[in-house]
Amino acid sequence: MIVQPKIRGFICTTAHPEGCAKHVQDQIDYVKSQPALSSVGKKVLVIGSSTGYGLASRIAAAFGGNKAATIGVFFEKASDGKRTASAGWYNSVAFEEKAHAEGMYAKSFNGDAFSDEMRAKVIETIKNDLGKVDLVVYSLASPRRQDPKNGEVYKSVLKPIGKDYTNLSINIAARQLEEVTLQAATDDDIAQTQKVMGGEDWQLWIDALLEADALEDGARTVAYSYIGPELTTAVYRNGTIGRAKDHLESTSKELDKKLKDKVGGRAFISVNKAVVTQSSSAIPFIPLYFIILTRVMQAKGVEELCIHQIYRMFAERLYAGKVDDNGFIRVDDWEMREDIQTEVNGYWDNLSQDNLLDVSDLDTYDKDFLRLFGFGLEGVDYAADVEINRPLPSMEGEG
Ligand code: NAD
């Protein structure tokens with residue numbers, strides 16, 4: 001099949017297998033070009049490993065010089081022969097093929113990471129194949145979660161708290177600025193978002209791993225959070241998702257105590273920078289902020305993608321124990337620099353439809369967005385007929 005991008009709203013419904021493989025290879029090449037990450041775990045579980053920050057974490061652990069054995073968990077779609085698989089599926093196929101080619105252990109699980117069944121299957125595999133893991137990366141971003149205890153389905157929403165919020169947003173396809181109003185969250189919205197994106201599920205994973213004696217002495221776990229500037233505070237940090245992140249962050253303190261106590265381990269939150277991922281492109285206002293931010297960070301030579309962020313986090317923070325006054329790892333430090341935020345605010349305050357295309361680099365945003373689905377990568381022949389049905393090596397024979 002000749003695979004072309006098909007954009008529907010803020011997602012692309014097709015993905016290119018060779019393009020996704022090149023996207024993975026580019027990230028591998030980056031970490032290989034850097035000094036080896038000698039302290040990172042040797043047996044690593046990544047929950048949410050197929051795209052974005054989780055994929056970058058799996059790549060950095062395996063190819064950053066440490067040849068870590070990795071187990072990845074994600075929720076992706078295989079190809080049905082007519083439609084392409086999702087990008088995260090092709091990323092994971094490429095990751096496994098490349099890891100296996102270098103003699104590394106890599107197994108993947110496709111399904112609901114929030115379920116007790118998935119936890120049990122993954123832990124059984126850890127026990128059988130690796131004995132224990134020494135690093136657990138928690139990088140899920142999901143719009144819904146079924147509680148494994150009561151079966152109820154909770155939905156995460158992006159809403160301000162207290163009052164409605166109106167600001168400029170961007171309609172990327174139409175190249176138009178538009179004023180968007182988000183209605184204030186109800187108490188139920190806040191509670192449901194916390195159920196999905198808070199720390200409850202992370203805690204269930206760590207408790208289950210401890211219970212099964214599947215964590216090495218000194219094991220570390222890290223989950224990802226975001227704070228962001230004043231400009232996005234109403235909708236992000238002071239909104240429903242911010243409450244969920246508060247919960248994730250307080251969970252990290254509890255897990256830190258528990259891990260210190262039980263295995264001499266540690267739990268961390270890493271506050272990462274805003275990047276284009278399938279999840280973040282769906283958040284109102286964020287893409288416009290992000291487009292301006294990228295322009296400013298590129299001009300100052302400090303722009304980073306997921307892989308750069310995670311490499312820096314592994315190399316300079318997680319194992320050095322370098323944290324801020326709240327105990328958080330901060331690799332959003334360059335995004336939050338005063339000179340960068342002052343410049344972003346300056347552009348934002350003067351933004352109008354007339355200068356939109358000068359102020360924002362929408363072509364770069366389009367390229368970054370399409371790259372998530374394997375389009376626009378150098379060296380890939382997009383006119384060629386490609387096989388879209390790509391089995392995951394570690395799942396072959398499992399149906
Ligand atoms: P992403 O959409 O690229 O990745 C999400 C991952 O979760 C994918 O692997 C997906 O398959 C998996 N997933 C979703 N639901 C699942 C389920 N039910 N079972 C199994 N797997 C499931 O997202 P991302 O932007 O990399 O976000 C990862 C984390 O990083 C989130 O906690 C997010 O808040 C945080 N973060 C993101 C940004 C950003 O700008 N993107 C910034 C800072 C922090």
Interchain or long-range residues, amide H under 5 Å from Phe109's placed H: Gly72, Val73, Phe74
Assigned charges on the beta-carbon of Lys, Arg, Asp, Glu; the range 242-399 dipole about Cα centre (debye): 1000
Residue among Ala69, Ala184, Ala174 farthest towards the positive dipole end of the chain, charges placed on Cβ: Ala69
Cα-centred dipole magnitude for the range 54-99, charges only on beta-carbon of K, R (+1) and D, E (-1), debye, nearest 20: 60
Share of Cα-Cα pairs in the chain lying beyond 27 Å, as whole percent: 50
Whole-number Å³ per residue for the convex hull built on Cα positions in the range 103-253: 164
At R0 = 35 Å, FRET efficiency that the Cβ-Cβ distance of Glu387 and Gln183 yields, to 0.05: 0.15
Other-chain or far-sequence residues with amide H under 5 Å of Leu135's (modelled H): Lys43, Leu45, Arg220
Inverse of mean 1/r across different Cα pairs in the range 258-322, Kirkwood, Å: 14.0
Extreme residue, positive dipole direction of the range 285-399, given options Val380, Pro393, Ile291 (C-beta unit charges): Pro393
Solvent-free Debye scattering, log10 I(q)/I(0), computed from the Cα coordinates of the range 215-326 at q = 0.09, 0.16, 0.19 Å⁻¹: -0.29, -0.85, -1.10
Cleavage-rule hits, GluC sites (Glu not before Pro), the range 127-199, DSSP coil, Cβ neighbours within 10 Å at most 14: Glu152
Alpha-carbon Rg/Rh ratio, for the range 28-137, with Rh computed the Kirkwood way: 0.97
GNM result for the chain, Cα springs below 10 Å: residue of Gln298, Gln146, Gln203 fluctuating most strongly: Gln298
Relative contact order computed over the chain (Cα-Cα under 8 Å; 6+ residues apart), in percent: 23
Contour excess over end-to-end distance, with Cα ends at Leu168 and Val153 and 0.36 nm allotted per residue: 2.2 nm
Assigned charges on the beta-carbon of Lys, Arg, Asp, Glu; the chain dipole about Cα centre (debye): 680
Nearest-0.05 FRET efficiency for Arg83 and Leu362, computed from C-beta distance (R0 30 Å): 0.60
Calculated [θ] (222 nm, deg cm²/dmol) that DSSP helices of n ≥ 4 give over the chain, each run adding -39,500 (n - 2.57): -11500 deg cm²/dmol
For the range 343-375 versus the range 259-299, the gap between their alpha-carbon centres in whole angstrom: 18
For the range 87-154 versus the range 7-69, the gap between their alpha-carbon centres in whole angstrom: 14
Ratio Rg/Rh, restricted to the range 130-208 and using Cα atoms, in which Rh is the Kirkwood radius: 1.14
Highest-first arrangement of 97-105, 64-72, 43-51, where packing means the average Cβ count within 10 Å: 43-51, 64-72, 97-105
In the range 134-241, trypsin sites (Lys or Arg not before Pro) in a DSSP loop with at most 10 other beta-carbon atoms within 10 Å: Lys149, Lys163
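Quick note: the coordinates plus some simple rules give every number you see, no bench work behind them. Just so it is clear, the model here is predicted, and its values are computed rather than measured. We place every Cβ from the backbone using ideal geometry, glycine too, and count neighbours over all the protein chains shown.
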